[in-house]
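Participant: Provided herewith is a single structure, encoded as structure tokens, for subsequent inquiry.
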Amino acid sequence: MTSATVVARKPTAIEGLLRSGLYLPNLQSKRKSSVLEELVRALVPAGVTRHPEAVLDLLGQREALGSTAIGRGVAVPHARSMVIGERAVLVARSARGIDFDAPDGKPVHLLFLIVAPSMEHDPVYLQLLAEIVRAIRLARTRQRLLDAPDFASIQEVLTHAADE
Amino acid sequence: MPPMSEQLQALVRLQDIDFLLREARDPKIAGQEARLGFAQENLGPVVKARQRLASQIDGRLLQTYERMSRKFVRVVVAVEHRVCQGCRMSLPTSTASRDSSDVTLENCQNCGRILYRI
């Protein structure tokens, strides 16, 4: 008689952070700076920060170091700050596309804003970046994210893609 | 709780930029980000932004921050549940205050870090 072995699935870092209040299905802004502003504004009602201007300033400095657009229509702006109360991932889409200084020159349609408190050692922060990069590497995943009708679908696609 | 003074806000921003620059200059951390596709090569504009911000901060306060930066990675730290997030010591109900020109700041009585209430 054989017994089935159930291997517990290790939860990804991203799935615990996805929240419907941090989802912008269709960004209105066209320019990179105003898009960042639109993203950061959404962090306030979600309770992630009370100082959006400081977060925006820091994200701008991070972009000055080098664009966080990684090509194939995806950008992952990210920063750690004293004025961030908790780790958060905000998912946003732009139907028209945004010039985000991407290395391949293509407009960005999918954005993942990652913010976290500035702790000296935070391996989860880097893990989040890695999970998102891994999740969006396949064209079919990116398309599913762009076609997702609601936040629950986005959540499902990202959770499974980050796990693959 | 009173709003953060403009000086403390500027100090928090300065520390955030310092941390950003430190990571961008750290071959291990910058390398990890680069492997994921995130370049951090253009330090010049950020260094200039740091200089501009530093010039807006009270001289004595900036000096204190720079001096303490040699000892601590984080000079300005958050207070959560009356615990200093720098040294993890509980703070008394009334923490020490220090005046620097017109800026009143709180310091942790144990480690001396500048306290910031999120």
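Participant: Could you tell me whether the protein assembly as shown comes out rounded, prolate or oblate from its Cα gyration tensor? Rule is a ≥ b ≥ c as square roots of the eigenvalues, rounded for a/c under 1.5, then prolate if a/b exceeds b/c, otherwise oblate. Could the numbers behind the result be given before it?
Facilitator: Numbers: a/c = 2.02, a/b = 1.56, b/c = 1.30.
Cα axes put the protein assembly as shown in the prolate bin.
Participant: Would you kindly compute the Cα radius of gyration of the stretch A:39-127 and its largest Cα-Cα separation (Dmax), both in Å?
Facilitator: Cα only, the stretch A:39-127: 13.0, 38 Å (Rg, Dmax).
Participant: Moving to a separate point now. So how do A:His160, B:His81, A:His78 line up by other beta-carbon neighbours within 10 Å, fewest first?
Facilitator: B:His81, A:His160, A:His78
Participant: Using per-residue counts of other Cβ atoms within 10 Å, averaged over each peptide, order B:45-51, A:84-90, A:123-129 from highest down.
Facilitator: A:84-90, A:123-129, B:45-51
Participant: Checking the a/c ratio against 1.5 first, then a/b against b/c, what shape does the Cα gyration tensor give for the stretch A:19-87? List each step's numbers first, then the result.
Facilitator: Details: a/c = 1.67, a/b = 1.19, b/c = 1.41.
Since a/c reaches 1.5 but b/c is at least a/b, the shape of the stretch A:19-87 is classed as oblate.
Participant: If a/c stays under 1.5 just call it rounded; otherwise compare a/b with b/c (prolate if a/b is bigger, oblate if not). Do that for the stretch A:4-162, with a ≥ b ≥ c from the square roots of the Cα gyration tensor eigenvalues. Before the final figure, lay out each step's value.
Facilitator: Numbers: a/c = 1.55, a/b = 1.16, b/c = 1.34.
Since a/c reaches 1.5 but b/c is at least a/b, the shape of the stretch A:4-162 is classed as oblate.
Participant: Quick check on packing: order B:111-117, B:22-28, A:141-147 by the mean number of other C-beta atoms within 10 Å, highest mean leading.
Facilitator: Ranking, from highest mean packing down: B:111-117, A:141-147, B:22-28.
Participant: Would you calculate, for chain A, the mean residue ellipticity at 222 nm contributed by helices, counting each DSSP H stretch of 4 or more residues as -39,500 (n - 2.57) and dividing by all residues, to the nearest 500?
Facilitator: -11000 deg cm²/dmol
Participant: Rounded to the nearest 500, what is the 222 nm mean residue ellipticity of chain B from helices alone, with -39500 (n - 2.57) per DSSP H run of 4+ residues and division by all residues?
Facilitator: Rounded to the nearest 500, the figure is -14500 deg cm²/dmol.
We did not get these values from a lab; they are worked out from the coordinates using the rules stated. Not measured: the values here are computed from a predicted model. When we count neighbours, we look across all protein chains shown, and the Cβ atoms used for this are built from the backbone with ideal geometry, even at glycine.
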